[in-house]
Amino acid sequence: MKKEEIFSRKTQSRYLSAAKIICLSFLFSIPVTQAFAESIGETAAMNVVQQQKSVKGTVVDTTGEPVIGANIKAQGTDTGTITDLDGNFSLVIPASAKLEVSFIGYVTQVVSVPANGIVNVTLAEDSKLLDEVVVVGYGTQKKAHLTGSISTVNPNDLKEMPYSNMGAMLAGTVAGLNVSGGDGRPGVGATMTIRDPFSTGVSGSTTAPIYVIDGVIQSDNPRNGISASEAFNNLDPNEIESISILKDAAAAVYGARGAQGAIIVTTKKGSKDGKPRISYTGSVTMNDEISRPKMLDAYQYGQFWNGFKGADGNDAIGNRKKDLFQLDELEAMKSMNYDWLDKAWSAAYSTKHNVNISGGGNNSSYFGSISYQSQEGNLSMLDYDRWNYRVGMSTTVAKHLKVNLSISGNYGDRKTTFNKIGGEKDDNDYLALLTTPRYVPWSVENDKGEDIWLLRYGPKNTNSSVLGNSNYLRYNYFAVEDLGNQKQTKTQDMTINGSLEYDFDWLETLKGLKLRFSYAKSIGNTEGRQLGSKYNGYYFTTRGGSGNHLYIDEGAPSNNLTLPSNMKTQSVDNGNRVLRDFDRTDNYQVNFQASYARDFGKHSVSAMFAMEKREMNYEFSRILKEGPLNGDLANGETNTATGSVSSSSQTARSESGDLSYIGRVNYAYDGRYLFEFLIRSDASTKFSPDNYWGVFPSVSVGWIVSEEKWYKLDWMDYLKVRASFGILGQDNTAAWLWRQRYTYQANYGAIFGTSPSNNLGWALKTEAAPNYDAHWDKDYKFNLGIDMKFLKNRLSVGIDAYLDKRTDMLVVRSGVPVTVGAKSAAENFDAVDNYGVELSLGWRDHVSDFNYSVQLNGQWRDARYRKKDWPAISTYKDVYRNGPVDMGQWGYDCLGMFRNQAEIDKFVEDYNITQYMGYKPDQIKPGMLIYRDVRGEQNPDGSYKDADGIVDDKDMVRLSRRKSNPYGMSLILGGSWKGISLNANISSSWGGYSTYAGGSYIFMNENSLDGANLPIYWKDMFVPEDVVDDGGNVVVKQNLSAKYPNMKYSMNNEASNFWQISSFRMYLRNVSLGYTLPKEWLSKVGISSCKINVTGTNLFSFFNPYPESYTDPLTGYGTFPALRSWTVGLNLSF
């Protein structure tokens, strides 16, 4: 190499390092001159000792280049410095001390100091990093030889997370991995997808990736059993060795099931260092709501109701005493605050404990782990507990024969409110507690001194259909809580996994060949219990207040609401049943695998062939009996129910299986040129015998450019280019639709005479018309990736661009002629392209004893239709050919709000309005939003006429290009200094459409408002004039300058830019502060390591777009919120 080139490279390196030191000095408030002084070798502060000596020297790498910023330390002390721009250092150390020299990506060296005090050190690259292997499915590969888009997660980074499920722990860690949920209700796991998958929604389709645990493919159960995602979420990070996420054609190794990507988990097997190692990890967590939606107080609700009733003016109010809250009532309501949610909600605690032991010798290793976690519910009727266990061993029973055996499983117990009155939706308990108006108490004391449960009747004092539920106002959470009506789900899952592996390393001609046989048996059981009984709810014939609206004695008969003559009883049926259901899955998977890996000079060759067979048997039974006894006599069993066995009781059984052949060949030349070919064949009985088999090949190549002899870029240490192409497929349909199917129907038999009830009873019903030609859909996956490293491998950059061309997607087409006589089965028709870009930036370095890292993951994604069952003439907002799948949000262009009749008249005149959102011009009222007239009727050719004076659904505009946010980013920060560590995770997304959370602006008719409170911003609602009560008192003032329209007019509820807010979201997901105690402290008590940590999750949002911050972007509205958690944890090793 020319001398000038060497000088140029060194000069560039110096400038970059100088810039880095200056920036870090500014960032951490270190004076620049001090930082430079340290970087060029000035002596750091050191312990005072009797004998000291001066040491100086140079640190270089194996090419002779100086290592800038290498850490030089007197072993066993805090005395140290870093090398300067030329790799030089000087230091004063204790006379007997050795030097410890380290740098990221290199092997740490400990050297003795010679008498002359001059130490020159050559650091070699860490071969462990170079030879790091990644699990890729049916084997491992060197990370350097990967040609696909594969990400890995270190489970050690997840141990301090307080979540009860693995999915929530992975949020924000990998570009292209989308995680939602898992941080709210106890026992509810996260949902994960990879690279924005697409599904047509037909029966049997899925967007979930495949989950593989220790080589065993996890299966979804047909009904209520443990799903594949639950099996993953139930894992404990302390028992996991590695997690790999396959995002491109690399997942073709799993054929049809890998079309949506793959998440592969390998659990721990122990070590062979001969020493037993015992570890304990424990934590205590406090969970509480991030924020609570701000709702109207009792007085504000009363004013809102009066403003709603007075939307058309005082003259339109029928009975002012009955229909309006009177002035005396409003005054009383100022001091009322029956906050149902606040009474039911409390901070809750969760605990996690894990103990594991590992060890082994030259011929064997073992690992055992047991975990327990418990999460209390913030509502008293919620609870979750889970036990995990895992025992594994690996031993060489003969010279070349290895045996592996593991037994693992978990036991879970989840309890939730049984809310049949609210429709059995999990979130209905929280919604009812949140939206009950705050002048309505949950109970009152009767004339006997007993608390009686009230029905949640509103101003009308009668039952109304609220939010589409006719029983909504009869639901009293505390009555159900008092009855002990719960739904309980117990799950048990056990897997036995064993394998035999024979290595032919003793035979030269077959060296590198291994044969492996494995068998895994999984048994899962789910037991469900439901107890729903009856209770008496009370309401009053006459209530308090001059308008008969309040639950106070003033104005009530004899000033006592609870006189028997004034109390009415309503029997409330909360299901009135005992239900028990059981399901069991019995799966097994058998694999035979032959693998070969060997190096021949510069040639590295590996190959794998495998056969895989899987079978699943499923059984389900349910018994439902009506009329359970109340109180302590009810134990959830059918013998405590006096009614009949329901016809909903049933049993079911199913079985399925598949057979697969897998082959893979890998080749690498001189560590520079990489090649992989993979093929898998799967059979699916969902299709007819002629279409059972699907063949899924993939090919990928890679080129490590930086290994070329001609590569001279000093500023780029590593450059790798890789590309992959693969064909995957899915059997996204229900089974047996290729044959005509029939089902039984009761009371639909042949009729004799004229009465429909005079029939033969049972009859056969034709199911969907069969489609014998249905076959595997195809997914052509393309991926191009670039991996780069700069500045002595401290800066890493990874870019992946992908295109998934899906074709022959199974859909149920519309427009099937009625002459067919049945609904059509799914057929291969649609075609969709998914595409996107993923970016990963990483920086890892240290300044003296301070080590820090920054990881930025970003992504952009989109999808478009290539083929669809297009209508003959499309409307302006229909998906069009080669148009996006996500057409964005369409709605009205809002020009403002009508505030007086003059504005209405001008609008009608200026735009020649003849009809406005279903109203005639003389029916338009102040308090309505103003929508622009955009277009007229559609022409035969699909175009539209100009604005025609009619504002209707043909006048919508595109409010945003996308509904969901197509851009996402996460920032992971880490730092450590002398045993103290600090880590943080920030996530953000943007680019879509967002509106007020949870539809909190959705129009409610009078019946719904009768029992449903609203967010606080509704206190500023348009009121056309002062509304007066029966006594002539103003009970809500005129509000012509209000920000929000009057809710009485349903057209205000239409999607429009009036309700649109920024879709930008940015959260601080978690922060963890840890301290590792010094080893010299621990060695005295026999502890090898001890770390204490404090972790906070879901801490806050950087930006809140909601008016008056009535809710938080992290938590939403009307559903059980995501929880903010604070955790104190302890990690011990012996």
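Remarks
- When each of LYS420/LYS460; LYS272/LYS514; LYS269/LYS415; LYS805/LYS963; LYS309/LYS1019; LYS247/LYS867 is checked by Cα-Cα distance, pairs over 26 Å: LYS269/LYS415
- Among THR733, THR58, THR417, the order by Cβ neighbours within 10 angstrom, fewest to most, reads THR58, THR417, THR733.
- For the chain, calculated [θ]222 nm from helices alone, where every DSSP H run of n ≥ 4 adds -39500 (n - 2.57): -2500 deg cm²/dmol
- The phi-based Karplus calculation (6.51 cos²θ - 1.76 cosθ + 1.60; θ = phi - 60°) puts the 3J(HN,Hα) values of the stretch 618-629 at 9, 9, 9, 9, 9, 10, 10, 10, 8, x, x, 6 Hz, whole numbers, x for Gly and Pro.
- With R₀ fixed at 56 Å, the C-beta to C-beta distance from ALA1055 to VAL854 puts the FRET efficiency at about 0.90.
- Over 16 Å [Cα-Cα, the stretch 893-955], rounded percent: 42
- Going through [x] 39; [y] 45; [z] 35, the figure that equals percent of Cα pairs over 52 Å apart as computed for the structure here is [z].
- Distance between modelled label sites at ALA594 and THR542, nm, 7 Å Cα→Cβ extension: 9.5
- Calculated over the stretch 329-376: convex hull of Cα atoms, volume per residue (Å³): 67
- Total charge dipole magnitude, the chain, about the Cα centre, Cβ charges on Lys, Arg, Asp, Glu only, Debye to nearest 20: 2800
- Close amide-amide hydrogen proximity is noted between SER1056 and TYR892, each under 5 Å apart and 5 or more residues distant or on a separate chain (H modeled in the peptide plane; Pro and chain starts excluded).
- Under 19 Å from LYS792, Cα to Cα: lysines that are on another chain or at least 8 residues apart: LYS10, LYS20, LYS128, LYS143, LYS709, LYS712, LYS720
- Charge tally for ILE217 (other residues, Cβ to Cβ under 10 Å; Lys, Arg +1; Asp, Glu -1): 0.
- Summarising the label geometry, the points placed 7 Å from Cα in the beta-carbon direction at LYS568 and ALA902 lie 4.9 nm from one another.
- Residue by residue, the stretch 484-492 carries 3J(HN,Hα) couplings of x, 6, 9, 10, 10, 10, 10, 10, 9 Hz when phi is fed to the Karplus relation 6.51 cos²θ - 1.76 cosθ + 1.60 (θ = phi - 60°); x denotes Gly or Pro.
- Of all lysines in the structure, those lying under 23 Å Cα to Cα from LYS765, and not within fewer than 8 positions of it along the same chain, are LYS686, LYS823.
- For a label point 7 Å along the Cα-to-beta-carbon line of LEU401, residues of the stretch 489-530 with backbone N under 13 Å: 500-503, 517
- Virtual spin-label span in nm between GLU481 and THR766, 7 Å along Cα→Cβ: 5.5
- In plain terms, the residue of PHE1120, PHE829, PHE418 with the fewest other Cβ atoms within 10 Å comes first and the most crowded comes last, giving PHE829, PHE1120, PHE418.
- Counting 0.36 nm for each residue step from SER621 to VAL721 and taking away their Cα separation leaves a gain of 30.5 nm.
- Net length gained if the chain between LEU659 and THR77 were fully extended (0.36 nm per residue, minus Cα distance): 203.4 nm
- Residues LEU454, LEU728, LEU659, ranked from the fewest to the most other C-beta atoms within 10 Å, line up as LEU659, LEU454, LEU728.
- Paramagnetic reach from ALA347 (point 7 Å along Cα→Cβ, amide N under 18 Å) across the stretch 1108-1134: 1121-1129
- Annotation: lysines with alpha-carbon distance below 23 angstrom to LYS1084 (same-chain offsets under eight excluded): LYS275, LYS978.
- Centre-to-centre, using Cα atoms only, the stretch 561-630 and the stretch 82-112 are separated by 57 Å.
Where a number appears in this text, it was derived from the coordinates with a stated rule and is not lab data. As the structure is a computational prediction, the values presented were derived from the model and not from experiment. Cβ atoms come from the backbone with ideal geometry, glycine included; neighbour counts cover every protein chain shown.
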